[in-house]
Each structure stands twice: as structure tokens, then as C-alpha cells.
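Some notes on the structure that comes next.
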Amino acid sequence: AQKVTQAQTEISVVEKEDVTLDCVYETRDTTYYLFWYKQPPSGELVFLIRRNSFDEQNEISGRYSWNFQKSTSSFNFTITASQVVDSAVYFCALSEAKNKLVFGAGTILRVKS
Amino acid sequence: NAGVTQTPKFQVLKTGQSMTLQCAQDMNHEYMSWYRQDPGMGLRLIHYSVGAGITDQGEVPNGYNVSRSTTEDFPLRLLSAAPSQTSVYFCASSYSGPDNSPLHFGNGTRLTVT
């Protein structure tokens, strides 16, 4: 069975600090996709990244970076030089069967000025 | 450029009442789905559809019905509302290609059952 664990329920940092959000997943399949979504206080869900199981390259997009390690079944998300606007709930999700996502419980990130 | 539109945004029901949450997308996506979001549990899949006329159950389907008569619309029906169905409901859509396209979410419907 698929499972996504986001062990950090809530993280508080001061602006400009770096912060890493952990995501550990379980799957029996060799082909799967991993996602990160952001949910700001306004409530909508914003897609951040998709990674397939065959692509273990890390990715950087501005202040955001993702570290995918199949050996530890982890797909961690780092925000460099955090800003108040990064305050949100962040969800990691896993998909084996097409488009059917299993979400982690989410990590609440609070960035204080 | 409406994307995924959900109505209503807020709803209060009494136990036993029925209602339909509406979802429409204008991106010609084959795949549509409904999730519910509860504190500490992330989002859980209720029902999904891979095309008009085809629906299937997700992780938590009990108490909900869906139908897909058109590509654009995917309504979620609560047959007899219960307090356990108090939640935020999200509709999502995506292309149904081989590479698990990202889901596009609506803005959610906050439902309270008293």
C-alpha cells in the first residue's frame, strides 16, 4: 500500500533562515510520481513540482530545491532564505496509479519576520 | 481561464440533509476527482473519473455519489449528511496522459454538518 509520511507537523523559522521539509514515502511499485503542493492561508492548492521515480536528479527553482533519494524513499523540500510569503501548509504526495494521489498529512510552515 | 470552479464556497447542512457540490473545468481534462481535507490527515480521495461516463471509488467513498455525464462537470452528492462529513472538499482535474500530469485544484468548498 502507498503511504506518505510528513513527520514535521509544524515548523517555525525566522525570515531568511533555510528550512527543509521532510517527506518519506512507501510504495511497492517501481514506477511512481512524487509531488509537492503548497496551500497558502487563502486555502487554494498550488502545484510546486512533480518527479518520476526514474529521475533522481535534484531540482532547483529559485529559492526552492528538492532532494529525491530512492535509497531512503525520501523527497525532501528545502526553502532557502525563507520569506513570510512562504508561510503555508506544504503537502507531499505520491501517485502510483494514474493521477490518483496519496497525500501526506502536511507540514505547517510559519515564517516570522 | 477559469480552470476548476467549485460551488458553493461555504455550506452548512443539518444532519440527514442532502446536497450536491458542483465542480466544472474548462481545460478539457479527461481526469477529474474529489478529495476531502481534514486536519492532520492531508487530502483523501473520495471518487474519481477518467472520462465521461466512467467513475470509480477512491479511499473514502462511503456517503458520497458521483456521476460524469460530460467532460466538464463532476458533481459530488451527499446523500444524507453526517457530522463526520464536515470537511473541506476539493475538486481536481488533469490530463489523463501516461505521465501523471499535475492536478489542478478548485478553491474548495467548506462544508459544515450540524
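Just so it is clear, none of the values below were taken in a lab; they were calculated from the coordinates. Every value quoted in this text rests on a predicted model; they were computed, and no experiment measured them. In this analysis, Cβ positions are derived from the backbone assuming ideal geometry, glycine residues included, and neighbour counts consider all displayed protein chains.
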Over segment B:11-114, with a single point scatterer placed on each C-alpha, what log10 of the ratio I(q)/I(0) does the Debye formula yield at q = 0.10, 0.11, 0.17, 0.20 1/Å? -0.25, -0.31, -0.73, -0.99
Provide the net charge surrounding residue B:29, with neighbours chosen by a C-beta distance below 12 Å and charges set as Lys +1, Arg +1, Asp -1, Glu -1. -3
Among B:83, B:5, B:95, whose Cα sits farthest toward the positive end of the charge dipole of chain B (+1 at Cβ of Lys/Arg, -1 at Cβ of Asp/Glu, about the Cα centre)? B:83
Using θ = phi - 60° and Karplus 6.51 cos²θ - 1.76 cosθ + 1.60, couplings along segment B:100-108 (whole Hz; Gly, Pro as x): 6, 4, x, 6, 9, 9, x, 7, x
Cβ-based charge dipole, the protein assembly as shown, positive-most Cα from A:104, B:62, A:53: B:62
What's the extension gain from residue B:28 to residue B:12 if we count 0.36 nm per residue and subtract their Cα-Cα distance? 2.7 nm
Whole-number D in µm² s⁻¹ for chain A, Kirkwood Cα-pair radius fed into Stokes-Einstein, 4 °C, 1.567 mPa s: 91
If we count every other residue with Cβ under 14 angstrom of residue A:5's Cβ, Lys/Arg +1 and Asp/Glu -1, where does the sum land? -1
Which loop-located trypsin sites (Lys or Arg not before Pro) does segment B:1-101 contain, where loop means any DSSP state but H, G, I, E or B and the Cβ has at most 13 other Cβ atoms within 10 Å? B:9, B:14
³J(HN,Hα) across segment B:2-7 via Karplus (A = 6.51, B = -1.76, C = 1.60, θ = phi - 60°), whole Hz, x for Gly/Pro? 6, x, 9, 10, 10, 9
Test of understanding: ordering A:48, A:34, A:101 by Cβ neighbours within 10 Å, fewest first, what list do you get? A:48, A:34, A:101
For the protein assembly as shown, the convex hull over Cα atoms projects on average to an area in nm² of 12.5
If you wrap a convex hull around the alpha carbons of segment B:6-48, what volume per residue comes out, as a whole number of Å³? 113
